[in-house]
Amino acid sequence: MAEGARSETDIAVEGWFRQNGLPHLIAGYDPREDTLTRLRPALAVIFVIGLALSLRPDWSGWLRILAVLAGLLVAGAAIVAANLLRGRKWREPPQRVGFIEATALVLVPPIAALVLGEGLVYSAVIAGVSIAVALTLYALASFGILPLLVGQAQRALAGAVATASVAVRAMAIMLALLLFLSMSVETWQAFGTLAGWRFGGVLILFAVLALLVLLAGLRQERHQLLAPDDNPELAALARATPAEPFVRSGIRPSFPDLGRIARFNIGLAMVISLALRVVAVSAAVGALFLIFSILVVDRQLTLAWVGADPNFLWSASVAGREVVISAASIRVVTLLGAFAGLYFTVVAVGDSQNRKEFVEDELERQSRVIAAWAFYRGHIDREESKVG
């Protein structure tokens, strides 16, 4: 649909899709127009930082000026090349950022560093970091993750009530087991001495397992979202969204096939929303055991259990008794919290009653978005048939 033909309701619905982390439901969504162009300030910052890293600290002022000019010259040449490849005038400033322009902004600094004699390894590091940051920003913006995270704050209370209800019922036995483990010498010797990549690897392992459990346990809900039915309930859901004018005007919903990226976007939005609840449970359990550790595990006990320098981070005298926080206690409570999050995920999606409470409000939210999308697509089909 042409830009000029878009109504206020179209714009409101499309903005609502973005707020709910589902930009790929927008008709004709173009990552160059809707994502990379919006990331121009961030790409410019990456370019400037990368260019600054290419300057050697032992250079004199005039060499630094020459290096900056060389980098800008390379960037200008890249823009000219992108214009020629796209059939534009060579000096025309880009009105939108495509993948060619984004690649140029990201790779010009490491190329400039290589030309200026910084060496292949250093230039490759600049390129790798720049590409990783750019891809992360692109993923966050393209799939609406940032607006989704912001929107989660508005739904946090309802989600917390549902999550707490499941957690209290499901975690009683697990909390007793974790309490026993938190007082075990073997736990402190195994977890308290983990550091670096081993500690991070265990956390990542717990996170990956919890994610796999979520994906496997929510197959039925994902299928329900991707295959909506044209019934009165669909219209009722859409009436509670910015698509309400479409329903009121008698538009029939349309259900075109969703592309693979759009289906991935829907699943990603649901998983992220529910994963944040799992993280909240993990953080709550970790905080609980940190308080317990402060109250019970003193300096002597820590030294006896860890068997090495535990690196005490904080200590204070309370009512004539020393209380401490050590690096070992932080590692122990963090891993106990991560394990609790994994267990909570299994219980929350593995039991039908728990899954209903855990997922119900999030599933209803996503169902409203899909209902709005169906009437939005019906409106687009009707407008296109008029033009045809």
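The values are calculated or read from the model by the stated rules, or taken from the named source; none is laboratory data. The structure displayed is predicted, hence computed values, not measured ones. Virtual Cβ from ideal backbone geometry, glycine too; neighbours counted across all protein chains shown.
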Across the range 254-299, what is the total count of residues that are closer than 19 Å to residue 15 by Cα, surrounded by 16 or more Cβ atoms within 10 Å (Cβ to Cβ) and among the β-branched types (Val, Ile, Thr)?
1
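Every residue, every condition in (1) in the same structural domain as residue 213 (by TED's automatic domain parsing); (2) out of contact with any Cys (no Cβ under 6 Å at 6 or more places or on another chain); (3) within 20 Å of residue 163 (Cβ to Cβ); (4) among the hydrophobic types (A, V, I, L, M, F, W, C), yes or no:
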| site | (1), (2), (3), (4) |
| --- | --- |
| 297 | yes, yes, no, yes |
| 315 | yes, yes, no, no |
| 346 | yes, yes, yes, yes |
| 366 | yes, yes, yes, no |
Is it fair to say residue 305 is under 30 Å from residue 9 (Cα atoms) and surrounded by 19 or more Cβ atoms within 10 Å (Cβ to Cβ)?
no
Filter result for the condition that a residue is in contact with a helix residue (DSSP H, G or I) (Cβ under 9 Å, 6 or more places away or on another chain), modelled with pLDDT under 75 and surrounded by fewer than 18 Cβ atoms within 10 Å (Cβ to Cβ), over 105, 146, 114
146
Just wondering, is there one or more residues in the range 267-275 that are free of Cβ contacts under 8 Å to residues at least 24 places away in the same chain and either of a type in the set (Ser, Thr, Tyr) or in the same structural domain as residue 310 (by TED's automatic domain parsing) (or both)?
no
Across the range 225-266, what is the total count of residues that are in contact (Cβ under 8 Å) with a residue 40 or more places away in the chain and either on the phi > 0 side of the Ramachandran plot or touching an Asp or Glu at 6+ places or on another chain (Cβ under 6 Å) (or both)?
2
Which one is surrounded by the most Cβ atoms within 10 Å (Cβ to Cβ), of the residues in the range 215-253 that are closer than 29 Å to residue 275 by Cα, within 30 Å of the chain's Cα centre (by Cα) and modelled with pLDDT of 90 or more?
243
With the condition kept exactly as written, say whether any residue in the range 194-201 is at pLDDT below 85 and either farther than 30 Å from residue 302 by Cα or among the aromatic types (Phe, Trp, Tyr) (or both).
no
Could you please find all residues in the range 216-244 being closer than 13 Å to residue 367 by Cβ and of a type in the set (S, T, N, Q)?
224, 231, 241
Mind checking whether some residue in the range 312-327 is part of a helix (DSSP H, G or I), surrounded by 23 or more Cβ atoms within 10 Å (Cβ to Cβ) and at pLDDT 85 or above?
no
Residue check: is residue 182 under 30 Å from residue 325 (Cβ atoms), crowded, with 20+ Cβ neighbours inside 10 Å and either among the polar types (S, T, N, Q) or not assigned by TED's automatic domain parsing to the domain that holds residue 362 (or both)?
yes
